[in-house]
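Inspection log for the structure reproduced underneath, given as structure tokens.
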């Protein structure tokens, strides 16, 4: 079975960089590109079913919050 992979076409990246009115700097554009790539990575993980369930994520986040809360007040 062939693995499904979310592909980002170069046109999508060019449009993202050209049309983003909020980008004030080069770093803003790079950040937006990073977000787009991270979303594609998440879609790939969902397609491969290698992500974690939402309930597990929320439990991990809560435990991390509690840990930081105790450590830093």
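The values are calculated or read from the model by the stated rules, or taken from the named source; none is laboratory data. Treat the numbers as computed from the prediction; the structure is a model and nothing was measured. All Cβ positions, glycine included, derive from the backbone under ideal geometry; neighbour counts span all protein chains shown.
This table checks each residue for (1) under 18 Å from the mean Cα position of the chain (by Cα); (2) surrounded by 10 or more Cβ atoms within 10 Å (Cβ to Cβ); (3) modelled with pLDDT under 75.
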residue	(1), (2), (3)
11	no, no, no
28	yes, yes, no
47	yes, yes, no
54	yes, no, no
67	no, yes, no
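Looking only at residues of region 13-26 that are surrounded by 12 or more Cβ atoms within 10 Å (Cβ to Cβ) and more than 27 Å from residue 51 (Cβ to Cβ), we find that the one that is modelled with the lowest pLDDT is 23.
Restricting the first member to region 35-63 and to residues that are within 25 Å of residue 12 (Cβ to Cβ), and the second to residues that are outside any loop (DSSP other than H, G, I, E, B) and modelled with pLDDT of 80 or more, the beta-carbon pairs closer than 8 Å and six or more apart or on different chains are 51/42; 51/45.
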